[in-house]
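Student: Here it is: the structure, laid out below.
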Amino acid sequence: MKNNNLETEVKRIGGYLKEVVTFFDSSGKPVSHTINPLMVELRLRDITQIFIGALLIASPLCFTEEVWNLSITLKRLNIFYLLLCSFITVTCFVYFNFYRFKLKGHLIEFIKRITATYFITASSVILILFLIDKLPIFSSPLIAFKRIVIIGFPAIFGATITDSLK
């Protein structure tokens, strides 16, 4: 994209996509460059950051009896609302922080990032609950699912925030 005072182009630098902005003076000569990370690809580093962010939030919650009891008493409709609220919030955050003005041509990566964030967060919650023997997947699958959603609700936000750190 070229403007009178600046030119924006996407380049792969060190294996990562970067947005290179070149600023020009009034005569058209380049004055300076700015390199911004273009976070439209899901890389191993991003997956690791998502996992660590989810673990940071999920770990203390998995050990609380309040969450275990809440998973027994909370209605299914409330679980649905938690899922819906987190999906809308996370999708908006990822869109506005990573893909705004760049969604065209990167829609598959956008969907992959949202899906991966949920899958990795759920996996981290499942791992912790399994390790502390609080995941009754065979005896009470609904309670297990509720625990995953309740703990995953704040954990998904931690995962998304750490994914945005570069």
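No lab work stands behind these numbers, since they all come straight from the coordinates. Here the structure is a predicted model, which means the values were calculated and not measured. Cβ sites come from the backbone with ideal geometry, for glycine too, and all protein chains shown count toward neighbours.
Student: Taking the Cβ of Phe110 as the centre, find all other residues whose Cβ is under 12 Å away and add up their charges (Lys, Arg: +1; Asp, Glu: -1).
Tutor: +3
Student: Extension gain Lys104-Thr34, at 0.36 nm per residue separation less the Cα-Cα distance, in nm?
Tutor: 22.9 nm
Student: Report the gain in length on full extension from Ser123 to Glu7: 0.36 nm times residue separation, minus Cα-Cα distance, nm rounded to one decimal.
Tutor: That pair, Ser123 and Glu7, stretches by 37.5 nm at full extension.
Student: How far is helix 76-94 tilted off the main Cα axis of the chain, in degrees rounded to 10, range 0 to 90?
Tutor: 20
Student: Do you know the relative contact order of the chain, to the nearest whole percent, from alpha carbon pairs under 8 angstrom that are 6+ apart?
Tutor: RCO, the chain: 30 percent.
Student: Right, here's the next one. With loop defined by DSSP as not H, G, I, E or B, and exposure as at most 16 other Cβ atoms within 10 Å, which is the longest segment of the chain clear of exposed chymotrypsin sites (Phe, Trp or Tyr not before Pro)?
Tutor: Values: sites that count: Phe63, Phe101, Phe138.
Longest gap between qualifying sites, sites excluded: 1-62.
Student: Hey, rough spin-label estimate for Thr91 and Glu66, points 7 angstrom out along Cα→Cβ, what's it come to in nanometres?
Tutor: Calculated label separation equals 3.0 nm.
Student: Now for a different question. Using amide H atoms built 1.01 Å from N in the peptide plane, name the residues 5+ places from Leu6, or on other chains, whose amide H lies under 5 Å from its own.
Tutor: Distant-sequence amide H within range of Leu6: Phe24.
Student: May I ask you to list the trypsin sites (Lys or Arg not before Pro) in segment 1-59 that are in a DSSP loop and have at most 13 other Cβ atoms within 10 Å of their Cβ?
Tutor: Arg43
Student: Given a cut-off of 26 Å, name the pairs among Lys112/Lys166; Lys134/Lys166; Lys18/Lys104; Lys11/Lys166 whose C-alpha atoms lie farther apart than that in the structure shown.
Tutor: Those over the limit are Lys134/Lys166.
Student: Could you work out [θ]222 nm for the chain from helices alone, using -39500 (n - 2.57) per DSSP H run of at least four and dividing by all its residues? Round to the nearest 500 deg cm²/dmol. Intermediate results must be reported in sequence, preceding the final value.
Tutor: Details: 5 runs with 96 residues, N = 166.
Computed ellipticity for the chain at 222 nm equals -20000 deg cm²/dmol.
Student: While we're looking at this one, here's another question. For segment 46-110, which semi-axes, largest first and in whole Å, follow from the square roots of 5 times the eigenvalues of its Cα gyration tensor?
Tutor: 30, 17, 8
Student: When the Karplus curve 6.51 cos²θ - 1.76 cosθ + 1.60 is applied with θ = phi - 60°, which whole-Hz ³J(HN,Hα) does each residue of segment 57-71 get, with x for Gly and Pro?
Tutor: My calculation for segment 57-71 gives 8, 6, 3, x, 5, 5, 8, 9, 5, 4, 5, 4, 5, 4, 5 Hz in order.
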